[in-house]
Amino acid sequence: MEWVNWSGSQRATPARFAQPRSRHELAELVATAPGPLRVAGAGHSFSAGAVTDGTLLSLDALARVLDVRGDRVRVEGGIRLKALSRELYARGLAMPNLGDIDAQSLAGALATGTHGTGTKLPNLSGQVSSVELICADGSERTISGGDELLAARVSLGALGVIAAVTVRCVSAFRLRHTDRPEPLAPVLEELQARADAHDHFEFWTFPHADVALTRTLDRTDDPPEKPGRASAYVSDVVLDNHAFRAINEVAKRFPGTIPRLNRFASGVASQRERVDWSHGIFASDRLVRFEEMEYSVPREHAGAAVRAARAALERHAVSFPIELRFTAGDDALLSPAHGRDSAFVAVHVFKGMPYEPAFREVEAALGELEGRPHWGKRSFLDHTQLAARYPRWEDFQRIRHELDPSGRFANAWVRDVLG
């Protein structure tokens, strides 16, 4: 069989594809199946993390909530974030933060350092209190503290297979979601204050357009207030996806129109507001396919990073906006936000359009601002360039070699980025 990721740009033809249906079956496969052994979640990573000619595992059948004790929820790694949110909501709980899509598997989202936005909130792995790993020899290991947990929270799949995790949750809560287009210059000038003024703040800005499409999410006790089904379909599906796809198809065929198209897309954006439970607010449907690169920079460099990314992208045929989000720093050894409050700058290119020249230029510019790449997105750096960007790089390597001394989980991508 051929495995293909969401964007269609990563493909693998493994010698064996398996979907274990029990912990015991998973352990047997890890111990005996041909390597390199990798796990495919929902395929929403743009990197080659899941690509292997050995064994590719799917944890889709291992997707149960195993135990709930107060705010601690023990759950299997294959569960999708959307399904996890539903299970938590049924128990009066929620994840304190999520990214802007919820199609990923929990294990995949943790392994790549997936994050949402919010200056007081770390990435998703910051909520993990223990990780249950299936190690290279098929043995099980529960990691609940010390440097091993700091390594296992953002592991790149290089330590073992995440069978289950225990996450810290919060009581279910509602959010007021407000989208508003604003002039870009004052948003950049007031960026830090705006980020601190809201529970969750982010914005998008198109190359060639001086508009910031801001989004704020704030906790509220107000009852849910959502648009009707027809109205929601028009705004979320027709306008945000189908119309946007049509604009990008024109851009792909006629690249010279991109500056005007980007200004048009910015100009037709309107203010929207709604209230709903958090899991109904955080994530949006993504029906338009693209390639993505995302970099973490120290929070104080947020404005400079956006300006640098815009300047680079305006020299290329790019019809997608730049996205800016914020997270609190954390202590996971390979977290892109390790040891520093961070801003994340994401750049995208429509599927079928050349992305590498633009991404390389953005990567170089953000590297000068102490940038670290998101592990699930595109990057052209290898371990010789990455090691210096992580203060505890060697501690992760020590734990990696202790848990996987023979490199059973090391596909070409892992060898490239970790050595």
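The values are calculated or read from the model by the stated rules, or taken from the named source; none is laboratory data. Values in this document were obtained by computation on a predicted structure and should not be read as measured data. Cβ sites come from the backbone with ideal geometry, for glycine too, and all protein chains shown count toward neighbours. Note: accessible area is taken over every heavy atom of the protein model, side chains too, but ligands, DNA and RNA are not part of it. Shrake-Rupley method; radii C 1.70, N 1.55, O 1.52, S 1.80 Å.
Counting only strands (runs of 3 or more DSSP E) that fall entirely inside region 263-371 and contain at least 2 residues that are within 30 Å of Val131 (Cβ to Cβ), the qualifying elements are 290-298, 322-327, 342-350. Condition first: in contact with a strand residue (DSSP E or B) (Cβ under 7 Å, 6 or more places away or on another chain) and not polar (S, T, N, Q). Now tell me which residues in region 282-300 satisfy that. Phe290, Glu291, Glu292, Met293, Glu294, Tyr295, Val297, Pro298, Arg299 - these are the residues of region 282-300 that are in contact with a strand residue (DSSP E or B) (Cβ under 7 Å, 6 or more places away or on another chain) and not polar (S, T, N, Q). The number of residues in region 272-297 that are among the aromatic types (Phe, Trp, Tyr) and within 25 Å of His338 (Cβ to Cβ) comes to 2. Screening Thr178 with (1) assigned to a strand (DSSP E or B); (2) crowded, with 17+ Cβ neighbours inside 10 Å gives one miss only, at (2). The selection criterion, being more than 17 Å from Lys351 (Cα to Cα), open to solvent by 40 Å² or more (accessible area, probe 1.4 Å) and either of a type in the set (Ser, Thr, Tyr) or in contact (Cβ under 8 Å) with a residue 40 or more places away in the chain (or both), holds for Gly267. Listed by position, the strands (runs of 3 or more DSSP E) enclosed by region 114-172 that each have at least 2 residues that are open to solvent by less than 10 Å² (accessible area, probe 1.4 Å) are 128-134, 161-168. Restricted to region 114-141, and to residues that are over 10 Å from the mean Cα position of the chain (by Cα) and polar (S, T, N, Q), which residue is farthest from Val68 (Cα to Cα)? Selected residue: Thr119. Of the listed requirements (1) part of a loop (DSSP other than H, G, I, E, B); (2) buried (at least 17 other Cβ atoms within 10 Å of the Cβ); (3) small (Gly, Ala, Ser); (4) more than 20 Å from the chain's Cα centre (by Cα), Ala61 misses just one: (2).
The condition (being surrounded by 21 or more Cβ atoms within 10 Å (Cβ to Cβ), assigned to a loop (DSSP other than H, G, I, E, B) and either at positive phi or hydroxyl-bearing (Ser, Thr, Tyr) (or both)) is satisfied by just one residue among Ser45, Ser9: Ser45.
Of the residues making up region 12-42, those that are free of Cβ contacts under 8 Å to residues at least 60 places away in the same chain and in a loop (DSSP other than H, G, I, E, B) number 9.
Taken over region 185-194, the criterion of being surrounded by 15 or more Cβ atoms within 10 Å (Cβ to Cβ) and farther than 28 Å from Asp276 by Cα is satisfied by Leu188 alone. Of the candidates Ala111, Ala107, the single residue that is over 11 Å from the mean Cα position of the chain (by Cα) and closer than 21 Å to Val39 by Cβ is Ala107. Checked against (1) over 24 Å from Val297 (Cβ atoms); (2) in contact (Cβ under 8 Å) with a residue 24 or more places away in the chain; (3) of a type outside the set (Val, Ile, Thr), Gly145 passes all but a single condition, namely (2). Applying the criterion of being surrounded by 18 or more Cβ atoms within 10 Å (Cβ to Cβ) and not acidic (Asp, Glu) to the residues of region 195-205, the residue that is farthest from Ala63 (Cα to Cα) is Thr205.
Selection of region 351-362 for residues being buried (at least 22 other Cβ atoms within 10 Å of the Cβ) and touching a Phe, Trp or Tyr at 6+ places or on another chain (Cβ under 9 Å) yields Tyr355, Phe359, Val362.
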